[in-house]
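The values are calculated or read from the model by the stated rules, or taken from the named source; none is laboratory data. Quick caveat, the model's predicted, so the values are computed rather than measured. Using ideal geometry, Cβ is built from the backbone for each residue, glycine included, and neighbour counts are taken over all protein chains shown. Accessible surface is based on the protein model in full, side chains and every heavy atom, while ligands, DNA and RNA are left aside. Shrake-Rupley method; radii C 1.70, N 1.55, O 1.52, S 1.80 Å.
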Amino acid sequence: MFYIPLWKRVLIWGICALAILYASPNFFYSRVESRNDAVAAIEKAGGTATPEQQAAAGLWPDWLPSSIVNLGLDLRGGAHLLAEVQVEDVYVARMDAMWPDVRDALRGLRDEVGSIRRQPAPPGVLRVALSRAEGMPAAVEAVRKLAQPIISFSGMGQTDIEVAGDGEVLTVQLTDAQRAALDSHTVQQSLEIIRRRVDEVGTREPTIQRQGEDRILIQVPGIGSAAELKSLIGTTAKLTFHPVLGRTADAGADAGGNLLLPSADEQGIFYIIERAPVVSGEDLVDAQPSFDQNNRPAVSFRFDPAGARAFGDYTAENIGKPFAIVLDEEVISAPVIQAHIAGGSGIITGNFSVEESTELAVLLRAGALPAEMTFLEERTVGPELGQDSIDAGRTASIVGMIAVVFFMIASYGWFGVMANVALAINVMGILAILSLIGATLTLPGIAGIVLTMGMAVDANVLIYERIREELRQGKQPGRAIELGFEKALSAIVDANVTTFLVAVIMFAVGSGTVRGFAVTLAIGIMTSVFTAVYVTRVIVATWFAWRRPRTITV
């Protein structure tokens, strides 16, 4: 007797209904996408909506699922960048930060080492000339005490600097283990900052991943051009606040160990400022576009408690003195402190447009890049090309499905029709799962779906061939169908488990579009096994219970 318990039928049909329900938003893609973008913008604005946003939010009912498959760069169009992080910048910054400590350590030995003077050196190296070479052993010993242990698994038991003396020159340089730790940390920090900057502008499903030792791949669907993306992520946005020592029109003026930086607003004017900042952008907790008292675009900011305390103390002690706000090696503003600024908040003014103040606020919130980046590849993928890819993928899918439908009907007649119904539910299941997990669909991903469509009917072919064998051995129709499903199950599972393992390996070791193919392949395998083994079975059982045929032809 070919029998399936009622609870199992209800469960199977329930899963099929959910698959169709959650796949349906993808058939109204533009409408649902506009609705989702409008809802996200309204939520970000604290519930305030423009008439256009309200109209867009009403394009799709709230009670229906609204998750859709995210389209990748090759389908939606966008920008592609391959950036190389200039990790040497961090070496230089590290040595600059170490110089005051080295200087202070040697000052205590002034009678032995004489005068000290910093010399030019390659990145990652600090050279100090001593006027008395006989004091070199004491100098090396004193500076070695500044070494710190490296806190990383690969650098366990090692220190961050090596100190050596040669004649009158003391050399301090980063160890190989410290350079490796700094490289890894710098690239990881750059990656996270890029991700925050891209996420801030609401771009859907960007691909941001490390490639090799010092490179980062950035693919952002839906953005206008590679130049726009570079403008967003390529700016260092390093914000610092410095005491002003002087102002000059001489670009070659001697800053005496301090910084000589140009004014962003005044052509030919330079500021001499102290090298050590009072507060830096690392202490910022928020930055928002705003307007100053003259209704000009500006950026308001707020410090964390430590930054607020340092900022407040300095302004209280230096009323009447200028204070430089430095962004990316330019003095964007140097206001005179009029009063004690408590609370840790302030405003940055300059010749900003509204767009520039908004972008600056985004960059400041995301944080400064630890090092500059060189762009090795940049490519803009137009939406027309993406639409061509979608059309080509849709055509391939339709042609593949039509071929499968005709083959199954030609080979198995009515049973082929029932297998085709299960195949359609299989495609719905793939779309539903992709939508629910927020996966990104790329052109190789479409290839994975087309491939699993073929694999889905393979399982039905196995089942129907087993049913044919049982019929040839004289079994009754109900018994032949039951044995056909039972005997084909092990072969179906074995074949699909091996392919599923391949998909898992591709996902684990692959990247980019290879992962997209692996994801759709793995999901397609799961849904095709479910539809072939359970959905086709319940469809056949329903038909068999309704018609109760004495003979069947498969």
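Residue separation of R296 and A316 scaled by 0.36 nm, minus their Cα-Cα distance, works out to 4.5 nm of gained length. Measuring r between the beta carbons of E330 and E377 and using R0 = 22 Å, the FRET efficiency lands at 0.20. Once you divide the Cα radius of gyration of the stretch 381-483 by 2.2 N^0.38 Å, the number left is 1.36.
Less than 5 angstrom separates the built amide H of K238 from those of D328, all sequence-distant by 5 or more or on a different chain.
Can you compute the modelled spin-label distance between W13 and I347, with each label point 7 Å from Cα toward Cβ, in nm? Result: 6.6 nm between the two label points. Solvent-accessible surface of protein heavy atoms, probed at 1.4 angstrom with all chains present, puts K321, K145 in the order K145, K321, largest first. Seen from all directions on average, the stretch 406-552 presents a Cα convex hull projection of 8.9 nm². You can think of it this way: the chain between A93 and R547 has 155.3 nm of extra reach, that is 0.36 nm per residue less the Cα-Cα gap.
Residues whose amide H falls under 5 Å from that of S345, counting only those 5 or more places apart or on a different chain, are F303, with hydrogens built in the peptide plane. Using alpha carbons only, the radius of gyration of the chain set against its Kirkwood radius gives Rg/Rh = 1.15. Solvent-accessible area of the stretch 408-462 (1.4 angstrom probe, protein heavy atoms only): carbon and sulfur portion equals 82 percent. FRET efficiency for the Q476 to A180 pair, using the beta carbon distance and R₀ = 56 Å, is estimated at 0.20. A straight Cα-to-Cα reach below 18 Å connects K8 with the aspartates and glutamates E482, E486, residues fewer than 8 places away in its own chain not being considered. Full extension of the segment from A249 to R468, taken as 0.36 nm per residue of separation minus the current Cα-Cα distance, would add 69.4 nm. Is the C-alpha gyration tensor of the stretch 219-352 telling us rounded, prolate or oblate? Criteria: a/c under 1.5 is rounded; beyond that, a/b larger than b/c is prolate, otherwise oblate. Taking the square roots of the gyration eigenvalues as a ≥ b ≥ c, the stretch 219-352 is oblate. Packing-based ranking of 177-184, 111-118 yields 177-184, 111-118, ordered from highest to lowest mean Cβ neighbour count within 10 Å. Near L71, the amide H atoms lying under 5 Å from its own belong to L441; only residues 5 or more places off or on other chains count, and H is placed 1.01 Å from N. With all protein chains kept in place, the per residue accessible area of the stretch 40-157 amounts to 54 square angstrom at a probe of 1.4 angstrom. Projected over every direction and averaged, the convex hull enclosing the alpha-carbon atoms of the stretch 507-548 yields 3.1 nm². On C-alpha positions alone, give me the angle between the axis of helix 354-366 and the longest principal axis of the chain, in degrees, nearest 10. That helix lies at roughly 90 degrees to the long axis.
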